[in-house]
1. When segment 34-55 is examined, which residues are found to be touching a residue at least 24 places away in the same chain (Cβ under 8 Å) and either in a loop (DSSP other than H, G, I, E, B) or within 16 Å of ligand 2 (Cβ to nearest atom) (or both)?
2. Specify which of the listed residues (GLN370, GLN405, GLN426, GLN399) is without any contact (Cβ under 8 Å) to a residue 24 or more places away in the chain, more than 16 Å from ligand 2 (Cβ to nearest atom) and not assigned by TED's automatic domain parsing to the domain that holds SER515.
3. So, restricting to helices (runs of 4 or more DSSP H) that lie completely within segment 217-305, which ones have at least 3 residues that are within 18 Å of HIS411 (Cα to Cα)?
4. Being under 13 Å from MET475 (Cβ atoms), open to solvent by 20 Å² or more (accessible area, probe 1.4 Å) and in a loop (DSSP other than H, G, I, E, B) is the filter here, so list the residues in segment 528-564 that pass it.
5. crowded, with 16+ Cβ neighbours inside 10 Å and within 16 Å of ligand 1 (Cβ to nearest atom) - does that describe any residue in segment 143-159?
6. Which residues, taken from segment 292-326, are within 13 Å of ligand 2 (Cβ to nearest atom) and of a type outside the set (D, E, K, R)?
7. If a residue has to be in a helix (DSSP H, G or I) and among the aliphatic types (A, V, I, L, M) to count, how many in segment 325-346 make the cut?
8. Tell me, yes or no, whether segment 594-605 has at least one residue that is at pLDDT 95 or above, over 30 Å from GLN250 (Cα atoms) and outside any helix (DSSP H, G or I).
Amino acid sequence: MANKPVNALSKAIRTGLIDAMNMALANDNVEAIVITSELALFSAGADISEFSSGDLAPILPDVLTLVENSSKPVVAAVNGGAFGGGLELALACHYRLSTNHNKVGLPEVHLGILPGAGGTQRLPRLIAPEKALQMIVTGAPTSVKAISELFVSIVEPSELLVQAIKVAKQAVGKVIPATSLIKLSSSPEIEALCEQTKVQTSAKARGFFAPAKCIEAVKAAFELPFAQGLKREGELFEECMHTPQARAQQHFFFAERVAGALPQIAKDTALRDIKQVAIIGAGTMGGGIAMNFANVGIPVVLLELEQAALDKGLELIRRNYENSAKKGKLTQEQVEQRMELLTGTTSYDDLSEVDLVIEAVFEKMSVKKQVFEALDKVCKPGAILASNTSTLDLDEIAQCTSREQDVIGLHFFSPANVMKLLEIVQGAKTADDVIKTAMHLAKTIKKVGVLVGVCFGFVGNRMIEVYGREAGRLMLEGATPQQIDKVIYDFGLPMGPFTMGDMAGLDIGYFVRQSRKEFISHDPSYCTVADELVEAGRVGLKAGKGVYLYDAGSRSPIPDPSVLDIAKRKAKELGIQRRDISDQEILERCIYPLINEGANILLEGIAQRASDIDVIYVYGYGFPVYRGGPMKFADEIGVKEVLARMKHYETALGEYGKHWFTPSPLLEELAQKQQTFAGFKA
Ligand code: 3HC
Ligand code: NAI
């Protein structure tokens with residue numbers, strides 16, 4: 001197989017496999033068949049881009065039946081990763097060999113489906129049921145050595161083809177060991193295994209549809225004869241394939257990959273070398289950011305103005321690494337290696353040789369400016385100067401240097417060593433090679449980079465602001481924080497807006513609001529309960545009290561009736577009539593303005609594509625991937641419906657609605673043209 005880039009089993013490859021099999025079967029000179037790949041991968045499985053076309057003939061299960069029923073032995077020489085249909089192809093072969101450092105897997109569950117070409121029926125016939133179930137339900141890639149029973153042998157890459165041909169020759173004239181002939185039967189142990197996996201999965205993959213179907217399909221392998229099991233797998237596959245979840249997860253697969261594309265930048269633009277990094281500020285973000293680089297072997301200098309703050313920052317990093325070591329994720333040796341890559345300084349003179357500086361000091365323009373002026377003086381020409389600001393004007397920061405082209409925003413999310421998202425903020429004058437280098441760097445440190453433009457809060461925080469505003473307003477109008485949090489949690493986010501606010505610290509939003517009074521002062525209801533809480537020292541989890549109360553050492557929110565009393569008093573002062581609010585209204589009022597803001601962001605060119613916003617929301621804010629992200633969710637329920645509900649609230653909520661629920665012109669345009677966000681081109 002040689003279908004670049006990943007040997008996806010497209011129509012051409014499926015047809016090619018059928019033709020090649022038929023040719024080999026018809027040719028008397030052919031005694032046995034070896035299937036392998038000319039590329040670095042064996043195969044990434046079915047061609048996902050074909051799924052939406054509906055034209056999947058000849059279907060993969062039929063191709064694999066032809067392979068398995070072959071009267072001549074077929075050997076799979078698995079020369080690289082074999083995933084999904086790619087692994088299923090190997091399972092249908094009579095013998096398998098693999099190279100030694102290889103990984104294989106059945107990741108269909110991440111696409112909202114299940115292995116639909118016999119994987120759920122053949123894998124449990126070839127490896128232990130618990131291993132097969134784990135591979136299918138989690139979709140995680142597995143080292144071939146962990147499932148060595150699947151292979152006749154596991155060899156050096158240079159030996160693979162020679163050995164595969166040897167196995168093929170030895171098989172000639174012998175009984176062909178078809179996987180489908182292996183008999184399985186159910187037992188109380190299998191029942192218990194499936195039940196236990198179901199319980200584990202419902203907690204780990206809350207809200208996902210496909211994992212339970214995967215378990216059902218594997219169970220069928222034990223309960224039904226092969227042919228019937230295959231049929232059952234096909235039915236369950238179809239059931240999954242036509243869900244909004246499958247469409248959303250498949251959308252996200254491509255969204256994540258396209259996010260890194262920079263079509264506006266010339267292909268031959270050279271990257272800048274990043275061999276040494278400096279971070280200014282060793283606080284919450286600076287420490288986490290530094291760890292990302294140390295984790296991939298890039299040395300980092302951390303700068304604080306005071307030795308005590310520096311020591312504290314380095315100590316916190318060490319504690320984080322030690323905790324990972326305690327959990328068995330790192331060895332003590334790795335902890336020491338990483339700590340050795342981190343050095344501290346209180347002098348800017350130590351930054352003269354670094355290739356990249358990331359500033360992560362207090363979110364205050366005057367402080368940021370001081371830092372960039374100092375960097376401008378000391379950094380070598382060509383060094384990239386980045387800011388981790390979450391809301392401030394990057395262009396204003398850049399202007400206080402003599403090298404605006406080298407200034408960029410690298411907006412990490414907290415905890416910076418864990419969260420996958422990196423918003424890469426392009427300033428008015430940021431050079432193309434700086435943007436390209438930043439995108440490349442994101443990959444190096446195992447993040448997903450998304451390019452965004454300059455505006456208040458960029459993409460993620462600009463959108464989250466409207467969501468927080470609505471949550472606060474709904475509390476004034478009659479909903480409780482618990483009700484609002486539950487609606488959002490049930491929708492699929494890891495926590496609701498109030499739990500999230502408490503966790504991040506209510507003071508963060510408070511200080512942002514203080515600096516933006518001119519935009520919100522016309523609305524006295526704007527986050528007014530949160531403001532009162534902060535002013536009373538209730539800044540969230542870190543204080544043991546915010547919107548909720550927390551027992552010492554606990555992160556479990558305890559509802560506090562006194563917060564509702566504040567909401568009631570404020571509502572009275574503001575003349576807001578409290579009422580019962582339905583869960584549906586809560587959902588629409590939190591999510592639709594978020595989508596609306598996303599539409600404005602697209603219109604302004606702050607994001608390149610709607611799918612980029614989806615990537616930001618899934619990786620930065622825990623938006624459920626099975627909804628594809630907010631813009632995909634809008635496409636799924638219909639742009640017209642979102643528009644209609646925005647218009648409804650625009651009138652139903654009086655002055656408040658008139659101000660905050662104005663539909664984006666893009667929402668109007670797409671609804672009128674019956675288009676989707678996915679189809680929108682700036
Ligand atoms: N179908 C279509 N395109 C695919 C694809 C697939 N199965 N797998 C990868 N691609 C494309 C990507 O979109 C990307 O395209 P681009 O260059 O235009 O952006 C290109 O191939 C390279 O992909 P990656 O950037 O992801 O390459 P990596 O080297 O980082 O990763 C991989 C390789 C691990 C194979 C990863 O691509 C992957 O996980 N692919 C999907 C595997 C999968 O989910 N397979 C199951 C498919 S469903 C199935 O088989 C159903 C069956 O049971 C009936
Ligand atoms: P923090 O208060 O935890 O850390 C800031 C650190 O900078 C402190 O250690 C302080 O001593 C140091 N510092 C202050 N002024 C300095 C100067 N002039 N020179 C050198 N060091 C200086 O703050 P945090 O949360 O790490 O935030 C830093 C930046 O990251 C801010 O711009 C913030 O908006 C942004 N950010 C914060 C996120 C969060 O969730 N905390 C998320 C994303 C971005």
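The values are calculated or read from the model by the stated rules, or taken from the named source; none is laboratory data. None of these values were measured; they are calculated from a predicted model. Every residue, glycine among them, receives a Cβ derived from its backbone with ideal geometry; neighbour counts consider all protein chains shown. Each accessible area value is taken on the protein alone, full model and side chains, heavy atoms only, with ligands, DNA and RNA left out. Shrake-Rupley method; radii C 1.70, N 1.55, O 1.52, S 1.80 Å.
1. Filtering segment 34-55 down to residues touching a residue at least 24 places away in the same chain (Cβ under 8 Å) leaves 34-52, 55.
Matches in segment 34-55: THR36, SER37, GLU38, LEU39, ALA40, LEU41, PHE42, ALA44, GLY45, ASP47, ASP55.
2. Checking each option against the conditions leaves just GLN399.
3. Helices (runs of 4 or more DSSP H) meeting the threshold: 284-295.
4. Residues satisfying the conditions are PRO559, ASP560.
5. yes
6. Hits for segment 292-326 are VAL301, LEU302, LEU303, LEU305, GLN307, ALA308, ALA309, LEU310, GLY313, LEU314, LEU316, ILE317.
7. 3
8. no
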